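Chemist: This is the structure I want to talk about, given as structure tokens.
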Amino acid sequence: MKKLLSIAAIAAMSVSMFTACSDDDNPTPNPTPITVTEGLYIVNSGNASSNIPGSLTYIGHDGNVIQGAFEKINGTELGDTPNDALVYGSKLYVVASGSNVVWVVDRNSLKEIKMISTTELMGDDKGKNPRRLAAAGNNVYVSTFDGYVAAVDTTDYTMADCYQAGSYPEGMAVGNGKLYVANSDYGQGVNPSISEIDLNTGETTDRKDNLIMNPTSIVATGDALYVLDYGRYDANWNQTDAGVRKIQNGEVSIVADATLMAVDTQRGLIYTVNAPYSYPAIPVTYGVYDITTGQTTTFIEGKDIDSPAAIAVDPVTGDVFISSYRMNPDTGYADYFTYGYVNRYRADGTFVATYDTGVGPTAFAFNYYTTNE
């Protein structure tokens, strides 16, 4: 099932995607909306220290795999250390942190629409090291390690607004008219927080708590926030206290031990991977937390995963994707210089398939749309 497609084949695939989305082909008077996952973009961070640029891998719904898809279409590299990607509207947005750019491309053809320099957009004092993406209304939000979040207009790509967040902001979420920002403090443990930005007034409130140590990603669902926190590191870089925090009604609680999480807001499930840095290594665990019952159960044993790098859940099908580095047979450790892979599972943990990726598969973006049939 896995193969590389030529640029011509990619273009043909793109045409078929547009055709599938067309309402003109469906004469049904009262069609029923159906949400379909067309494919999955995987952001490969590369390895900047070894001059390995980042790339995009695309996995189609039929299992076909396209490596280096962005470069094939646009004739240029994605850049240094891409961190995040987001499908919003008709576009795919990709952050290349080391290159200080956000790429805007057509979500289906991958053709470049705009390359946004965050230092030009926000200034050298605010726009360095863009990290994560979120979106709502007419804006895409970009966090930067300088401590700011830019609201970028999705039509003309100007900066609609700029908000000051906390120390080294990472992941963001939008809910109830608020933008929530996970301020990691770069793992220093001195000034970590969750910023709550009122999108109507621009007013910012920082939430601090003893359980918020190194927050890196955040998801809003209902009246609760779920935050992945990397915890602490000791003098030997052993990682402790990493987990998923729940923030509700001003209270912070721990719901699961984890170093990676993926939240299925449609089904009320949080998939977790717990693989803390430690020496000697401790066994990696893979769980699923039920938001309704508060119970955690085993998702998979994970013996077929070498070194987990990221996890995501398809919002349409509920399938779970876990990316991994390959093990270096000579050292017995994760190999950060060779292609990784992604394993796909059903929601019940049944293994589906393995797909090759680029170097450092660390983020996902699902290409899905709602059509009428």
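Chemist: Rounded to the nearest 0.05, what FRET efficiency do residue 281 and residue 338 have when you use their Cβ-Cβ distance and R0 = 25 Å?
Modeler: Once rounded, the FRET efficiency stands at 0.80.
Chemist: Another question about this same structure. In terms of modelled amide H atoms, which long-range or inter-chain residues lie less than 5 Å from the amide H of residue 160?
Modeler: So residue 160 has HN proximity to 151, 152, 153.
Chemist: Oh, and also: How high is the relative contact order of the chain, given as a whole-number percent (alpha carbon pairs under 8 Å, six or more residues apart)?
Modeler: That works out to 15 percent.
Chemist: Residue by residue through region 49-65, which ³J(HN,Hα) values in whole Hz follow from phi under the Karplus form 6.51 cos²θ - 1.76 cosθ + 1.60 (θ = phi - 60°), with glycine and proline marked x?
Modeler: The phi angles translate into 5, 10, 6, 9, x, x, 7, 10, 10, 10, 10, x, 5, 8, x, 5, 10 Hz.
Chemist: Same structure, new question: Between residue 51 and residue 186, 0.36 nm times their residue separation minus their Cα-Cα distance comes to what?
Modeler: Difference between extended and current length: 46.2 nm.
Chemist: Also, quick follow-up: Suppose R0 equals 35 Å. What FRET efficiency, 1/(1 + (r/R0)^6) with r the Cβ-Cβ distance, do residue 155 and residue 249 give to the nearest 0.05?
Modeler: Rounded to the nearest 0.05, the efficiency is 0.40.
Chemist: Compute the distance in nm between two label points, each set 7 Å from the Cα along the Cα-to-Cβ direction, one at residue 114 and one at residue 62.
Modeler: The two pseudo-label positions are separated by 3.4 nm.
Chemist: Could you state the number of Å between the C-alpha centres of region 162-196 and region 296-373?
Modeler: 27 Å
Chemist: Place a label point 7 angstrom from the Cα of residue 124 along the Cα-to-Cβ direction, then list the residues of region 84-112 whose backbone nitrogen is under 17 Å away.
Modeler: Hits in region 84-112 for residue 124 at 17 Å: 99-101.
Chemist: Scan (i) 29, 26, 23; (ii) 41, 23, 18; (iii) 29, 28, 19 for the value of semi-axes √(5λ) of the Cα gyration tensor in Å calculated from this model and give just the label.
Modeler: Label of the calculated value: (i).
Chemist: Output wanted: per-residue J couplings in Hz (rounded whole) for region 138-148, from phi through Karplus 6.51 cos²θ - 1.76 cosθ + 1.60, θ = phi - 60°, x for Gly and Pro.
Modeler: 9, 10, 10, 9, 10, 8, 10, 5, 6, x, 10
Chemist: Next question. If you look for lysine pairs in the chain that are eight or more places apart or on different chains, how many of them have Cα atoms under 27 Å apart?
Modeler: 26
Chemist: Tell me, in nm to one decimal, what length is gained between residue 90 and residue 267 on full extension, where the rule is 0.36 nm per residue of separation less the Cα-Cα distance?
Modeler: The span from residue 90 to residue 267 would gain 61.2 nm if fully extended.
Chemist: Magnitude of the Cβ-charge dipole of the chain, K/R +1 and D/E -1, about the Cα centre, nearest 20 debye?
Modeler: 400 debye
Chemist: Taking 0.36 nm per residue of sequence separation and subtracting the Cα-Cα distance, how much length would be gained by fully extending the chain between residue 224 and residue 238, in nm to one decimal?
Modeler: Length gained between residue 224 and residue 238: 2.0 nm.
Chemist: Express in whole angstrom the spacing between the alpha-carbon centres of region 230-281 and region 98-148.
Modeler: Distance between centres, Cα-based: 27 Å.
Chemist: With labels modelled as points extended 7 Å from the Cα through the Cβ direction, what inter-label distance (nm, one decimal) is found for residue 176 paired with residue 328?
Modeler: 4.7 nm
Chemist: How large is ³J(HN,Hα), in whole Hz, for each residue of region 98-107 in order, when computed from phi with the Karplus curve 6.51 cos²θ - 1.76 cosθ + 1.60 and θ = phi - 60°, using x for Gly and Pro?
Modeler: For region 98-107, the Karplus curve yields x, 9, 6, 9, 10, 7, 10, 10, 5, 5 Hz.
Chemist: Here is a follow-up. Whose amide H sits under 5 Å from the amide H of residue 337, counting only residues 5 or more places off or on another chain, with H placed in the peptide plane?
Modeler: Residues meeting the criterion, in which the H sits 1.01 Å from N, do not exist here.
Chemist: Once amide H atoms are built 1.01 Å from N in the peptide plane, which residues 5 or more positions from residue 107, or in another chain, come under 5 Å H to H?
Modeler: Here the answer is 91, 92, since their amide H atoms fall under 5 Å of that of residue 107.
Chemist: Right, something else. Between residue 293 and residue 36, take the C-beta separation as r, use R0 = 30 Å, and let me know the FRET efficiency to the nearest 0.05.
Modeler: Calculated transfer efficiency: 0.50.
Values quoted throughout were computed directly from the atomic coordinates according to the rules given, and no laboratory measurement underlies them. Because the structure is a prediction, the values reported are computed rather than measured. Note: ideal-geometry Cβ built from the backbone for every residue, glycine included; neighbour counts use all protein chains shown.
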